[in-house]
Amino acid sequence: MAREPRQLDGQVDQVVFRNGENGYSVLRLRVEGEEEPVTVVGCMPGVSPGESLSLTGEWMRHPTYGAQFKARTVERKLPETAAAILEYLSSGAVKGVGAITARRLVEEFGEDTLDVLENHPTKLLALPGFSLKRARDISHNFRAQMGMGRLMDFLRRHELSADLALPLYRLYGEDALDELKADPYLLTDPGLDVAFQKADALAVELGIDAADPQRLEAALLFELRHNAGNGHTFLTADKLLSATAQLLSLEGPDSLTGALADLQREGQVARETVRGLDCVYLADLFEAERYVAARLEEMARMEMQVPGDLPRLLERIQADQGLTYAPQQLQAVELAARGQVMLLTGGPGTGKTTSLRGVLALFEHLGLETALAAPTGRAAKRLGELCGQEAYTIHRLLETHFDDKTGKLIFTHDQSDPLKADAVIVDETSMVDISLMAALLAGLRDDARLVLVGDPNQLPSVGPGALLADLLKSGVLPSVSLVQIFRQAAQSAIVRSAHEIHHGILPQLKNTGEGDFFFLTRLRSEDAAQTVVELVGSRLPKNMGIPAGQVQVLSPTRKGPMGTAALNRRLQEALNPPAEDKPQRPFGEQIFRLGDRVMQVKNNYDAMWVDRGRNESGLGIFNGDIGHIIDVSADGAGLTVDFDGRQVFYPGDALNELELAYAVTVHKSQGSEYPAVVFACLDAPPMLLTRGVLYTAVTRARSLFVAVGDKRLFARMVENDRPQRRYSALAARLRGE
């Protein structure tokens, strides 16, 4: 058998496995000239025994099951002979038709059976046991099956991924193909996320004119969504029009003004002047920003009933904890007693944890039920450990799920069904974007208290907005900024260096052989990468007693010899090399192997997890969650990842949601803390070589930080305090400007 043929034709003999959520399938295909059916894997929703397939793809070798054909495109051909039709219908391909009914249908209609099912369902009434309702139901189910097949054929002909078929069908049902032909730009919508250029190419093939208002509106929406992904809640009208004109290769932006006005009339965008700027928002971001500003401003004006014995209560809390609070820490706890909302900020070693515990103890004494939350699973776990009670991700606290019909995120707890908690404490607020903050505020009772905690010097959220920075800039919310570095923390070079970096001071980089902050100079990429591998694999475990599993490699970038992609390949080879007892699953340029450390790289609100230790299950795995591969399916169908006790199965074509995580970018490490960090400090794009990136990298380390690379680049990062500007009007709205 040839190793890598481009095409494979045959008839489906058996469906070995199918994931109903995304259509990933493992089939056995009868191929002319082959004694035994061959194995085919790929996205093939709805394909059933008896169908003929024409596939393009390539051969791959599974470590256990040998040769498999990985289908990239699938052309389906319905069975034509009576025997093949009988096999097809008997397989259960059409809901409501079993083996007995299939035989009766084929005996009655022969080779015309499928035509009867699709176009002449009333003919079924001639058969015993068929009511009009049953005939219509079976015909409807068959047409749905045909609709999926035709949609897949359409995608194949236009060189679009078959992976789009199932989400399109979920969103639009039997009308999916008609909807796509009518508006190819819907492919750029969230949940489908096709590049605009691909959707535009399809539009051209379908005859849509370059000046068609549909095209112009789609491009404007794409630009707004793209820039929301870069952190902006809005764009100024001139920038939006200019960028969109460039995207469409128009001579100027004038031809877009009408399309922008139409979008505004349709309610898809909002336009408002804020502080003299002509701001254009996606409608949902506009509402989120306005709601957050209005709700927080209202909460900031609210004065809570203060217990008359507050000084004595604060003394009791300190005595219970065996501490004497510093003035700023005492101020933070007092502020939590007096106000409905407050900000608590500070860098490493400034006593945020002690202050948090004090606020939590205060709320307990006041009889308040307090919920702890953070943006990511790891941050929530750390918060829970520090405070001695369970903490949740914000998504889990609000009970998130994804609406397939609308393609939008839904929160169970909102204004109509708020949380029962009397108070909510949120850590790592710098990671919270404007949409999530709006959802959290909507989920609070009108009288609930809110404490927002964070480090304003860390990188901002991945999503739109600069929430923590804007809240501080506004000056509207009561806040305490912890600045005193406590003596015990000051003994750590990690803490001292982080504060020096924040103030633009280059830390001490001379290695004394003692301490917790080191720099190893390696100017050649090959030498630096090799040193990183040696540190993780042998030097730190042997010399410092830190197991490799507790060391996290960070890099500013994904690309290049010191980027995460290259380092992950090296680290996987050193820490988890291939072996006969370690099944693995190739995917793209990566190989996922039993025992690998992996990271979820996109939010998946539908991913089902099971926590067997707690006998719990739920939905949602989120961008930045890190786990370990604990099982690779013997049939090659997928793998299972354990995220701190929550186990999730990933079918084959969902593996694009995972990356190896021996090395991760600094941006992806936000909200996490590791016993030891090895920082790759060599060439990276200038936009990533900033003080904020370096500060965030250093503050991820709890006990040991080792940088490897070029000291001159480290110094450049300390000097470069030019954070990327984000378009956000939250601060102005809070101030009523």
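The values are calculated or read from the model by the stated rules, or taken from the named source; none is laboratory data. Fair warning: this is a prediction, and the values are worked out from it, not measured in the lab. As a convention, Cβ positions derive from the backbone with ideal geometry for all residues, glycine included, and neighbour counts pool all protein chains shown. Only protein heavy atoms, including side chains, enter the accessible area calculation; ligands, DNA and RNA are left aside. Shrake-Rupley method; radii C 1.70, N 1.55, O 1.52, S 1.80 Å.
What to note about this one:
- Per-peptide average of other Cβ atoms within 10 Å, ordering 577-590, 380-393 highest first: 380-393, 577-590
- The chain: angle of helix 327-338 to the longest principal axis, Cα-based, in degrees nearest 10: 60
- When you restrict to C-alpha pairs under 8 Å that are six or more residues apart and normalise by the size of the chain, the relative contact order lands at 11 percent.
- When both segment 650-720 and segment 67-127 are represented by their alpha-carbon centers, they are found 55 Å apart.
- For segment 522-536, putting each phi into the Karplus relation 6.51 cos²θ - 1.76 cosθ + 1.60 with θ = phi - 60° gives couplings of 9, 8, 8, 4, 4, 5, 5, 4, 5, 5, 4, 4, 5, 4, 6 Hz, in residue order, rounded to whole numbers and with x for Gly and Pro.
- Taking the helices alone, the chain has a mean residue ellipticity at 222 nm of -10500 deg cm²/dmol, built from -39,500 (n - 2.57) per DSSP H run of at least 4 residues and averaged over all its residues.
- Segment 137-250, accessible area per residue, ligands and nucleic acids excluded (1.4 Å, Å²): 41
- Amide N proximity, segment 697-711 versus Gln724 label position 7 Å along Cα-to-Cβ, cut-off under 17 Å: 697
- Residues whose placed amide H lies under 5 Å from that of Gln647, excluding near-sequence neighbours: Val610, Asp611, Arg612
- Helix 564-575 axis, angle to the chain major axis (alpha carbon atoms, nearest 10°): 90
- When each of Lys352/Lys542; Lys77/Lys198; Lys559/Lys582; Lys198/Lys381 is checked by Cα-Cα distance, pairs over 30 Å: Lys352/Lys542; Lys198/Lys381
- Think of a 1.4 Å ball rolled over the protein heavy atoms: segment 365-489 then has 40 Å² of accessible area per residue.
- Spacing of the modelled spin labels on Glu573 and Lys181, each 7 Å from Cα toward Cβ, amounts to 5.1 nm.
- Once backbone amide H atoms are built at 1.01 Å from N, Arg449 has Ala423, Val424 as its partners under 5 Å, excluding neighbours fewer than 5 places away on the same chain.
- Signed unit charges on C-beta, dipole axis of the chain, positive-most listed residue Gln572, Tyr291, Asn604: Gln572
- Listed residue (His226, Leu202, Cys387) projecting farthest to the positive dipole end of the chain, Cβ model: Cys387
- Think of the chain as having a plus end and a minus end, set by charges on the Cβ of Lys, Arg, Asp and Glu; of Ala259, Ala663, Ile591, Ala663 sits farthest toward the positive end of this dipole.
- Test item: Cα-centred dipole of segment 633-683, Lys/Arg +1 and Asp/Glu -1 on Cβ, debye: 120
- Label-point separation, Gln7 to Lys711 (7 Å along Cα→Cβ), nm: 6.4
- Extension gain from Val204 to Glu272, taking 0.36 nm per residue of separation minus the Cα-Cα distance: 21.1 nm
- In plain terms, the chain from Arg72 to Arg134 could stretch by 18.6 nm, reckoned as 0.36 nm per residue minus the Cα-Cα distance.
- The stretch between Glu589 and Arg316 holds 92.4 nm of extra length on full extension. This uses 0.36 nm per residue minus the Cα-Cα distance.
- Per residue, segment 521-649 exposes 46 Å² of accessible surface when a 1.4 Å probe is rolled over the protein heavy atoms with every protein chain present.
- For the chain, the longest principal axis of the alpha carbon atoms and the long axis of helix 237-247 meet at an angle near 40°.
- Counting only Cβ charges, +1 for Lys and Arg and -1 for Asp and Glu, the dipole size of segment 425-555 around its Cα centre is about 360 debye.
- Taking the protein heavy atoms of the chain in the context of the full set of protein chains, the accessible area attributed to carbon and sulfur is 48 percent at 1.4 Å.
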